[in-house]
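In what follows, a structure is listed as structure tokens, so that the remarks can point back to it.
The values are calculated or read from the model by the stated rules, or taken from the named source; none is laboratory data. No experiment lies behind these values; they were computed from the predicted model shown. Please note: Cβ atoms are built from the backbone with ideal geometry, for glycine as well, and neighbour counts cover all protein chains shown. With ligands, DNA and RNA removed, areas are computed over all heavy atoms of the protein, side chains included. Shrake-Rupley method; radii C 1.70, N 1.55, O 1.52, S 1.80 Å.
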Amino acid sequence: MSKEVTIVRNVLEANDRLADELQNNFRVKKILCLNLMSSPGAGKTTLLERTLTDLKDEFKMAVIEGDLQTDNDAQRVAATGAQAVQINTEGGCHLDSGMVMDALKAIDTDGLDILFVENVGNLVCPAEFNVGEDYKVTLLSVTEGDDKPEKYPFMFHISAVMLLNKTDLLPYVDFDLNKAEAHAKKLNKDIQVMPISARTGENMEQWYAWLRKKRAEKL
Amino acid sequence: MHEMSIVESILGILREEMVKYDGQKLTKVTLKNGQLAGVVTESLQFAWEALIPGGEFDGAELEIIEVPVKVACGECGEVFSPDHTRCMPCPKCEALLGHTVLEGKELLIDSIEVDDQQ
């Protein structure tokens, strides 16, 4: 005899449980945790290098670096003086809470103000897995096309901030900032859009102001 | 291809649930996959078929119900299902932006079927 049983359980609940645990830990320690996501090459590491350098005297910051194979990015980040821990996913397309929990063991979180989790470069899979962050931040570079939020709606839907990076290249590409913003706001009316250039430093103040505000809210 | 790790998560939940049905066999799992959940039904099915044979759930069928997006208009509150997620004009006031997503983000195990005849 066959019988049907209703369950209704969130498929990702095991990951979400660990994410909640991480979040509680960050709440107690007053650490702002950000999950940084983008396609490969959008400029996550460059953004981090500049942020870590510019805000060095203001905050104690650390980075967990997710990468498929190398530790190139962790080395670049560590060169700024911040703590950096590498997670190699061995081909895996995203980070999850368990990986972040393991990596955290190698970080001195006492007195830490901001923890950045640099996710694997990919606009699809990382969006699915919480890693204990307070906010998801997505970078979109102007060399990628302004229709990306339309094509990858979930990532933009769940992000608090969309950084439009590489604005110094706008004269050379067909990228419509307004169009990208409108597409992102279709599914996420609250998303904050910040055009920046992590390379030249243009408009980075807006991003820093957001970081300061969100960090202050954790206290 | 995060569908592989999603199937691993599903198997974890099924193992927990099947403790209640000791000695019975899992024959079917029904999953709800929201159109906005970022999970490809075909890839999930593929991952299921790759991981299931030879294991404790060998032979179990995976049925995936795709849940369409349902939104409430950000301007007038009208609830509607857009034809696609790229352009979602409100059928009542034609507003394009600022809608609230009510359904379509979920990824849930909805039900299972167990059989007591081994």
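Which one is most open to solvent (accessible area, probe 1.4 Å), of the residues in region A:150-172 that are modelled with pLDDT of 90 or more and not hydrophobic (A, V, I, L, M, F, W, C)?
For region A:150-172, the residue satisfying everything is A:TYR172.
Among (1) assigned to a strand (DSSP E or B); (2) more than 11 Å from chain A (Cβ to nearest Cβ); (3) closer than 25 Å to A:SER159 by Cα, which single condition is B:ASP83 missing?
Failing condition for B:ASP83: (1).
Scanning for something in contact (Cβ under 8 Å) with a residue 24 or more places away in the chain, in contact with a Gly (Cβ under 7 Å, 6 or more places away or on another chain) and open to solvent by 20 Å² or more (accessible area, probe 1.4 Å), does region A:95-118 turn up at least one residue?
No, region A:95-118 has no match at all.
Can you say whether A:ASN165 is more than 10 Å from chain B (Cβ to nearest Cβ), among the polar types (S, T, N, Q) and closer than 28 Å to A:GLY132 by Cβ, as far as the supplied structure shows? First the steps, then the outcome.
Details: more than 10 Å from chain B (Cβ to nearest Cβ): yes; among the polar types (S, T, N, Q): yes; closer than 28 Å to A:GLY132 by Cβ: yes.
Against the criterion (more than 10 Å from chain B (Cβ to nearest Cβ), among the polar types (S, T, N, Q) and closer than 28 Å to A:GLY132 by Cβ), A:ASN165 qualifies.
Against the conditions (1) surrounded by 17 or more Cβ atoms within 10 Å (Cβ to Cβ); (2) within 20 Å of A:VAL5 (Cβ to Cβ); (3) of a type outside the set (Gly, Ala, Ser), where does B:LYS20 fall short? Just the number, please.
Evaluating B:LYS20 over (1) surrounded by 17 or more Cβ atoms within 10 Å (Cβ to Cβ); (2) within 20 Å of A:VAL5 (Cβ to Cβ); (3) of a type outside the set (Gly, Ala, Ser) leaves (1) as the failure.
Residue-by-condition table, conditions (1) in contact with a strand residue (DSSP E or B) (Cβ under 8 Å, 6 or more places away or on another chain); (2) surrounded by 13 or more Cβ atoms within 10 Å (Cβ to Cβ); (3) more than 28 Å from B:GLU113 (Cβ to Cβ):
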| site | (1), (2), (3) |
| --- | --- |
| B:VAL7 | no, yes, no |
| B:LYS32 | yes, yes, no |
| B:PRO53 | no, no, no |
| B:ASP58 | no, no, no |
| B:GLU66 | yes, yes, no |
| B:VAL71 | yes, yes, yes |
| B:GLY74 | yes, yes, yes |
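Mind checking whether some residue in region A:40-51 is within 14 Å of chain B (Cβ to nearest Cβ) and either at positive phi or surrounded by 20 or more Cβ atoms within 10 Å (Cβ to Cβ) (or both)? Don't jump to the end; show me each part of the working.
If we filter region A:40-51 for residues that are within 14 Å of chain B (Cβ to nearest Cβ), which is where we start, we get none.
Scanning region A:40-51, I find no residue that is within 14 Å of chain B (Cβ to nearest Cβ) and either at positive phi or surrounded by 20 or more Cβ atoms within 10 Å (Cβ to Cβ) (or both), so the answer is no.
From the list A:PHE59, A:PHE116, A:PHE156, exactly one residue is among the aromatic types (Phe, Trp, Tyr) and within 22 Å of B:LEU107 (Cβ to Cβ). Which is it?
The conditions single out A:PHE156.
For region A:56-70, state whether one or more residues are among the small types (Gly, Ala, Ser), closer than 21 Å to A:PHE129 by Cβ and at pLDDT below 95.
Going residue by residue through region A:56-70, those that are among the small types (Gly, Ala, Ser) are A:62, A:66.
Next cut, closer than 21 Å to A:PHE129 by Cβ only: A:62, A:66.
Next cut, at pLDDT below 95 only: A:66.
Yes, region A:56-70 contains a residue that is among the small types (Gly, Ala, Ser), closer than 21 Å to A:PHE129 by Cβ and at pLDDT below 95.
Does A:ASN10 satisfy the condition of being within 14 Å of chain B (Cβ to nearest Cβ), open to solvent by 40 Å² or more (accessible area, probe 1.4 Å) and more than 17 Å from the chain's Cα centre (by Cα)? Even if it seems obvious, please write down each step before you answer.
Details: within 14 Å of chain B (Cβ to nearest Cβ): yes; open to solvent by 40 Å² or more (accessible area, probe 1.4 Å): yes; more than 17 Å from the chain's Cα centre (by Cα): yes.
Criteria met by A:ASN10.
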